[in-house]
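These notes concern the structure reproduced below.
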Amino acid sequence: MPLLSRKKKSESTKLPTHTEQARSGEEPPKSAFKGHEQSAVLKLIAEAGKKHAEDAVVNLFTTIAQYAYGMRASDIHLEPWEKGSKVRLRIDGILHDNFELPMDIHIQLIARLKILTRMRTDEHHAPQDGRFKFSAGEESVDVRASVIPTTLGEKAVLRLLSSQSHKLTLEQLGLAEEDLARVERAIKKPWGMILATGPTGSGKTTTIYAILEILNRREVNISTIEDPVEFEIEGVNQSQVDRVAKLTFATGLRSLLRQDPDVLMVGEIRDQETAKIAVNAAMTGHTLLSTLHTNDAATTIPRLIDMGVETFLVASTLNVAIAQRLARRVCPDCKGSKKLSKTEAEKILYPVALARLFGKNASITVAEAKGCAKCNDTGYRGRVGLYEILENTETIQKLVINRASSSEIKEAAIKEGMTTIEDDAARKITAQETTLDEFIRVMQE
């Protein structure tokens, strides 16, 4: 999905106002979308099935996009099945079945998507991707689309990227006061690496974008190499990986070092070459931001060493590692509460989580997800981050140089005040921001 090459060819569609705030949990403003209820989509599906006219399919495609956007969906899935097709929406990280379509309508919707994104309409056996934009009031929404052939037909996934979702502050993302202070200390350092870690879909890119917004000043030159560019940030020089042109994270980062940068962002450290160039950039006076796939913050260090980075270089260049997960935020309009005893919790929680959640208490009050119209009867609206911030102190540096294990590094960091993801989750459960069920889903799957 090369943004730079497709930008001029993208189409713009006018859709109603809606501010995506899935991660902040704030209720979006009322919009013109209100009239497009689920029944309206069902009616248009029926009409498109009868008329088989191009305008009916165009209307249905637009209305499905409107419905998904109004529901705060991050992704729209158009999936072929044996007997027709399904439209599924990912809302707050969970996929929901929403509509069923006749197969001929599915094929026409895929064709409409290909036209909007300038994909080849005559190609049905190779993966394709593209993007288009639409305006929603004062904001712009970027749709990143992927089409892939399956045994039952072509499947499409549309990622909805609101211009507002990358403008959330670190406080809005859910960082506690002491964790925020650790990140801010790392940001203020004139050079070094800031890494966000976690599995796919844990909000790493959103965290990195929030930090970029803080660093984005006119006297600072910020350059990025991403795959793909998810949001455009004014004043930041953003480049996108292009394998056809042999522009990879490693080659792009090497080129950016010749662009007189102050701050560099590489979308992900995936291999030894990228890791070594990133560490070299941080060592030579640049602030480098990136993401890494690790389970917790302490594992970031042995992961870099496994990639061939010398221990003394990791110890001297890493400023902070931010491990994170995303939990659904309980809906404030229908939230209930209940008493939970330690005896009941013993049946569903592992001992460490149990101790962190209850401490010396025999019972605690936790939130209960009920369900209402505002949260689509799920009991949840928006998401909140669960964080673990590992600051590279002198103690941690000595352990790194001595090739200590991740468990030893984690233990030392906890002694110095690091809050683990489990601790942060326990704090947010007792504050009734999220539920125990969400903690189990996110951390104990």
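Please go through region 256-273 and give me each residue that is within 20 Å of residue 212 (Cα to Cα) and part of a helix (DSSP H, G or I), ordered by number.
256
Would you pick out the residues in region 106-119 that are touching a Ser or Thr at 6+ places or on another chain (Cβ under 7 Å) and either open to solvent by less than 20 Å² (accessible area, probe 1.4 Å) or at positive phi (or both)?
Scanning region 106-119 gives 106, 114.
If we keep just the residues of region 307-336 that are in a helix (DSSP H, G or I) and β-branched (Val, Ile, Thr), which is most open to solvent (accessible area, probe 1.4 Å)?
311
Just give me the residues in region 280-306 being part of a loop (DSSP other than H, G, I, E, B) and either at pLDDT 95 or above or not assigned by the TED database to the domain that holds residue 263 (or both), in sequence order.
Once the filter is applied, which keeps residues that are part of a loop (DSSP other than H, G, I, E, B) and either at pLDDT 95 or above or not assigned by the TED database to the domain that holds residue 263 (or both), region 280-306 yields 286, 297, 298, 299.
Checking the structure you have, find out if any residue of region 78-87 is surrounded by fewer than 19 Cβ atoms within 10 Å (Cβ to Cβ), closer than 29 Å to residue 201 by Cβ and without any contact (Cβ under 8 Å) to a residue 60 or more places away in the chain.
yes
For region 188-203, state whether one or more residues are open to solvent by 10 Å² or more (accessible area, probe 1.4 Å), outside the structural domain of residue 101 (by the TED database) and without any contact (Cβ under 8 Å) to a residue 40 or more places away in the chain.
Among the residues of region 188-203, at least one is open to solvent by 10 Å² or more (accessible area, probe 1.4 Å), outside the structural domain of residue 101 (by the TED database) and without any contact (Cβ under 8 Å) to a residue 40 or more places away in the chain, which makes the answer yes.
Please tell me if residue 213 is assigned by the TED database to the domain that holds residue 294, open to solvent by 50 Å² or more (accessible area, probe 1.4 Å) and touching a Lys or Arg at 6+ places or on another chain (Cβ under 7 Å).
yes
All but one of (1) surrounded by 13 or more Cβ atoms within 10 Å (Cβ to Cβ); (2) free of Cβ contacts under 8 Å to residues at least 60 places away in the same chain; (3) more than 27 Å from residue 171 (Cα to Cα) hold for residue 346; state the number of the condition that does not hold.
(1)
Does residue 426 count as modelled with pLDDT under 95 and open to solvent by less than 20 Å² (accessible area, probe 1.4 Å)?
yes
Please enumerate the residues belonging to region 262-271 that are over 16 Å from residue 196 (Cβ atoms) and either modelled with pLDDT under 95 or not assigned by the TED database to the domain that holds residue 222 (or both).
Listed by number, the list holds a single entry, 271.
What are the pairs with Cβ atoms under 7 angstrom where one residue, in region 228-239, is in contact (Cβ under 8 Å) with a residue 24 or more places away in the chain and open to solvent by 20 Å² or more (accessible area, probe 1.4 Å) and the other, located anywhere, is part of a loop (DSSP other than H, G, I, E, B) and among the acidic types (Asp, Glu)? Sequence gap at least six, or different chains.
238/232
Among 339, 370, 374, which is the only one that is in a strand (DSSP E or B) and open to solvent by 60 Å² or more (accessible area, probe 1.4 Å)?
Step by step, each of 339, 370, 374 is checked, and only 339 is in a strand (DSSP E or B) and open to solvent by 60 Å² or more (accessible area, probe 1.4 Å).
Quick check: is even one residue across region 56-70 farther than 30 Å from residue 325 by Cβ, open to solvent by 10 Å² or more (accessible area, probe 1.4 Å) and free of Cβ contacts under 8 Å to residues at least 24 places away in the same chain?
Yes; the residues of region 56-70 include at least one that is farther than 30 Å from residue 325 by Cβ, open to solvent by 10 Å² or more (accessible area, probe 1.4 Å) and free of Cβ contacts under 8 Å to residues at least 24 places away in the same chain.
Quick check on residue 376: is it at pLDDT 95 or above, of a type outside the set (Phe, Trp, Tyr) and under 27 Å from residue 173 (Cβ atoms)?
Here the answer is no, as residue 376 does not meet what is asked.
The values are calculated or read from the model by the stated rules, or taken from the named source; none is laboratory data. Owing to the predicted nature of the structure, the values given are computational and were not obtained by experimental measurement. Methodologically, a virtual Cβ is constructed for each residue, glycine included, from the backbone with ideal geometry; neighbour enumeration extends over all protein chains shown. Keep in mind that these areas ignore ligands, DNA and RNA; they rest on the heavy atoms of the full protein, side chains included. Shrake-Rupley method; radii C 1.70, N 1.55, O 1.52, S 1.80 Å.
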